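Scroll down for the structure; my scribbles are underneath it.
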Amino acid sequence: LAELMNGIISFIGLGSNMDDPQARCLEAIGHLEKVKKSTLLRRSSFYRTEPVGLTNQDWFINAVVELRTALSARELLAELQAIENLMGRSRIVKWGPRVIDLDILLYGQEIIEEADLTVPHREMHKRRFVLEPLYELAPYAIHPAFGVSVAGLRKRLGDVSRVELLNKGQV
Ligand code: ATP
Ligand code: MG
Ligand code: MG
């Protein structure tokens, strides 16, 4: 019951295409379970996804988790970046191969537009690899800037890159 009472519901997107991507996503979820002032509520299934933007690289594993948190969005971003760094994320090529990417997709119904933090995530509505796992967890969640549900965004999606369900999620 305590976990129902405090905090903001945030959805976080995970992606990896290096060093056993599924294991890296599970490892990241293990770290997300330990984020301070937060409770990991659910995770989506894993999806095998075709790279977008920079297509000459391995396919990704993507997933989304739902976190209830008493951290501010900025504090949450710092926690996610600490996990990325801990797991050896290096930023060499934009959109290139990475061991783990953790992005804040939604943070309650807040709209944040700052130099180093945009929420909702600025590309989420264009990306099938984000919307398929998010739809699995939260089809009725509203994108606060567009006033459209995740189901609505998914229906309007033009992204034809392939996204394949790997296995059913469980926490
Ligand atoms: P994309 O943002 O297109 O998914 P990326 O995830 O590969 O690309 P990163 O290298 O992980 O990009 O992050 C670049 C910067 O994006 C970070 O330093 C961070 O400050 C900023 N950023 C802005 N909004 C967000 C957000 N909602 N979640 C995570 N990072 C964000
Ligand atoms: Mg990203
Ligand atoms: Mg990122």
### Message
Can you report the number of residues in segment 69-78 which are among the charged types (D, E, K, R) and out of contact with any Leu (no Cβ under 7 Å at 6 or more places or on another chain)?
### Response
1
### Message
What's the total number of residues in segment 33-59 that are more than 26 Å from K94 (Cβ to Cβ) and of a type in the set (D, E, K, R)?
### Response
6
### Task
Might you check whether a residue that is surrounded by 14 or more Cβ atoms within 10 Å (Cβ to Cβ), within 13 Å of ligand 3 (Cβ to nearest atom) and either closer than 17 Å to L14 by Cα or at pLDDT 95 or above (or both) occurs anywhere in segment 134-157?
no
### Top-ranked residue in segment 71-99 [being among the hydrophobic types (A, V, I, L, M, F, W, C) and part of a loop (DSSP other than H, G, I, E, B); ranked as farthest from ligand 2 (Cβ to nearest atom)]
L71
### Query
Across segment 100-126, which residue is surrounded by the fewest Cβ atoms within 10 Å (Cβ to Cβ) among those that are assigned to a loop (DSSP other than H, G, I, E, B) and within 12 Å of ligand 3 (Cβ to nearest atom)?
D116
### Query
Which condition does E27 not pass, out of (1) in contact with a helix residue (DSSP H, G or I) (Cβ under 8 Å, 6 or more places away or on another chain); (2) buried (at least 18 other Cβ atoms within 10 Å of the Cβ), if it passes all the others?
(1)
### Extreme residue, surrounded by the most Cβ atoms within 10 Å (Cβ to Cβ), among residues of segment 44-79 that are among the hydroxyl-bearing types (S, T, Y) and without any contact (Cβ under 8 Å) to a residue 40 or more places away in the chain
S72
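The values are calculated or read from the model by the stated rules, or taken from the named source; none is laboratory data. Keep in mind that what you see is a predicted model, and the values were worked out from it rather than measured. No Cβ is skipped: glycine too gets one built from the backbone with ideal geometry, and neighbour counts run over all protein chains shown.
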